[in-house]
Amino acid sequence: MNILRATGTIGGLTLVSRVLGMVRDMMMARFVGAGLASDAFLIAWRLPNLFRALFAEGAFAAVFVPFFNRRMAEGDAVEDGTGQTAAVAFAGEVLSVLFPFLLAFTVLMIALTGPVVWAMTGGFPDGGPEKFALAKHLTQITFPYLGLISLVSLLGGILNSLNRFWVNAAAPILLNICMIVALLFFHGTTQIATAETQAIAVTVSGAMQLAWLVWSCRQAGVVLKLGPPRLSPDVKRLLLLIGPAAVGQGAIQFNLLVSTSLAARFLPQGAVSYLYYADRLNQLPLGLLGIGVGTAILPLLSRQIGGGNIVAAQATQNRALELSFFLSLPAAIALVISAVPLVRGVFQHGAFTAVDTYGAAGALAAFSVGVPAYVLIKVLTPGFYARQDTKTPVRIAVISMLFNLVGNLTLIWHFGHVGVAISTAFSAWVNTVLLYWTLHRRGQLELDARLKAKALRTLLAGAAMGVALWFMNPLADPHMAHGTIERVLALGLLCGAGGLVYGIAALLFGAYSISELRGQFTRGKAG
């Protein structure tokens, strides 16, 4: 397996999905805006989206794939060529247990939608019975997506094990295409009708993703047989590990769920939507940087640690931290300094007003303080997984979630939805610091002199870019609420100029040299 090629394939398809997701959100802002209908839909979408993030983006695969590969290796050891058959049989055992559970869970949750939505929103005190009833109705429509995406994750884990990474990475694109088509051709005459169309599109996309994965598995010669549920020792152990893995990898998503619930319960109408739109921009660096770097270094770290090469493992993590900070810091500074023009340029049209722009921009600036932390978490956790330690990241994630809850309950009264975003960013930094401190205390990670020097120079380059953006904002902002072409050009010039200033400053301050960047790619290709 070519690790670089696999990572590039996943990263490229993730980029396509994120771009389509941004188009979807721009259209949603235009047709639904930030009010009663959008708040209700985003509550209905929060739980399915949480499951998608936890299962489709790592937790299920992180647990299932090692079991599947072990069965494949054991089968090949007994008789060459029978490994895939044994592994597929194990996957069938998992499906036979998972399917009836997911079916029962989905039916139960649809029946209990009222209490679930009330627990998340407190009945929407700001919107009254109409808003609560709409959120309940939309949640009943979207809940089947939970079961569908879990089955997609099982089949995607099989295809990843067979080195068909692109198939599973392409599945989320179907979600965005479904929601975009629904907005373009089936949006209603009211914002409430359009929100209902979006909820239907979510569940339809789950069925389409499942059909895509089933067809792709058949093309790979994999056909799972559904039999009577049987808890074999491996299946039982797999199910026991999924929960902790989801908590460890999904701390940020859980924090957002808590933050959204508190905003729905205690803040005025529109707060849930402001947090959502801000988070969509904030998640771009995490999706493109954190997941990519974290995925890329895990196999290498595992080999180095397994071979007893601790010095090389330390160097690998230092260079990954260095590169992640170099790439994530400018993203954070740009999102904080230029929050208003960015939100205005991307979302302000149709039902999304200038007032909504300032509401979402405040949340974006607060969220984005944590961007480097969100990325560094993805880079630090492989240091535990490579040593087969899945418990420590879970404990640290729980601590960060408690910090987030306390921060929310403290700041929400003084700063509203912006306080909720501040708390989320702060909890991400708590998570990052505890991950690093634990590795450092165990003697498994020591920041080398090069990383410390580069971090300081990166900060100087980022400060230079921040000053430049501060002076460019007034020039770019007036063009952000005009026609599509004008706003695209203004966004491109603002981002491009900021990136150019950062690149030049990075070279002048010695944060990175052209030869060092070339060396990163050369070593990646060699690896």
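The values are calculated or read from the model by the stated rules, or taken from the named source; none is laboratory data. These figures come from a predicted structure and were not determined experimentally. A quick note on method: Cβ atoms are made from the backbone with ideal geometry, for glycine too, and the neighbour counts reach across all protein chains shown.
Looking only at segment 380-419, count every residue that is in a loop (DSSP other than H, G, I, E, B) and either surrounded by fewer than 21 Cβ atoms within 10 Å (Cβ to Cβ) or not β-branched (Val, Ile, Thr) (or both) and tell me the total.
Number satisfying all stated conditions: 5.
Select from segment 213-233 the residues that are in contact with a helix residue (DSSP H, G or I) (Cβ under 6 Å, 6 or more places away or on another chain) and assigned to a helix (DSSP H, G or I) and write down the one among them that is farthest from Met27 (Cα to Cα).
The qualifying residue farthest from Met27 (Cα to Cα) is Cys217.
Determine whether segment 295-316 contains at least one residue that is in a helix (DSSP H, G or I), modelled with pLDDT under 65 and β-branched (Val, Ile, Thr).
Taking every residue of segment 295-316 in turn, at least one turns out to be in a helix (DSSP H, G or I), modelled with pLDDT under 65 and β-branched (Val, Ile, Thr).
Determine, yes or no, whether Pro100 is more than 30 Å from Ala87 (Cβ to Cβ) and either surrounded by fewer than 20 Cβ atoms within 10 Å (Cβ to Cβ) or over 21 Å from the mean Cα position of the chain (by Cα) (or both).
No; evaluated as a whole, the condition is false for this residue.
When residues of segment 454-482 are filtered for being under 23 Å from Ala29 (Cβ atoms) and exposed (fewer than 14 other Cβ atoms within 10 Å of the Cβ), how many remain?
Counting residues in segment 454-482 that are under 23 Å from Ala29 (Cβ atoms) and exposed (fewer than 14 other Cβ atoms within 10 Å of the Cβ) gives 2.
Name, by its number, the condition in (1) part of a helix (DSSP H, G or I); (2) touching a residue at least 40 places away in the same chain (Cβ under 8 Å) that does not hold for Thr197.
If we test Thr197 against (1) part of a helix (DSSP H, G or I); (2) touching a residue at least 40 places away in the same chain (Cβ under 8 Å), just (2) comes out false.
Give me the pairs: first residue in segment 328-341 and surrounded by 24 or more Cβ atoms within 10 Å (Cβ to Cβ), second residue of a type in the set (A, V, I, L, M, F, W, C) and not in a helix (DSSP H, G or I), beta-carbon distance under 6 Å, and six or more apart or on different chains, which are they?
Final answer for the pair search is Pro341/Met480.
Which members of segment 423-443 meet the condition of being surrounded by fewer than 21 Cβ atoms within 10 Å (Cβ to Cβ), in contact (Cβ under 8 Å) with a residue 40 or more places away in the chain and among the β-branched types (Val, Ile, Thr)?
Once the filter is applied, which keeps residues that are surrounded by fewer than 21 Cβ atoms within 10 Å (Cβ to Cβ), in contact (Cβ under 8 Å) with a residue 40 or more places away in the chain and among the β-branched types (Val, Ile, Thr), segment 423-443 yields only Thr438.
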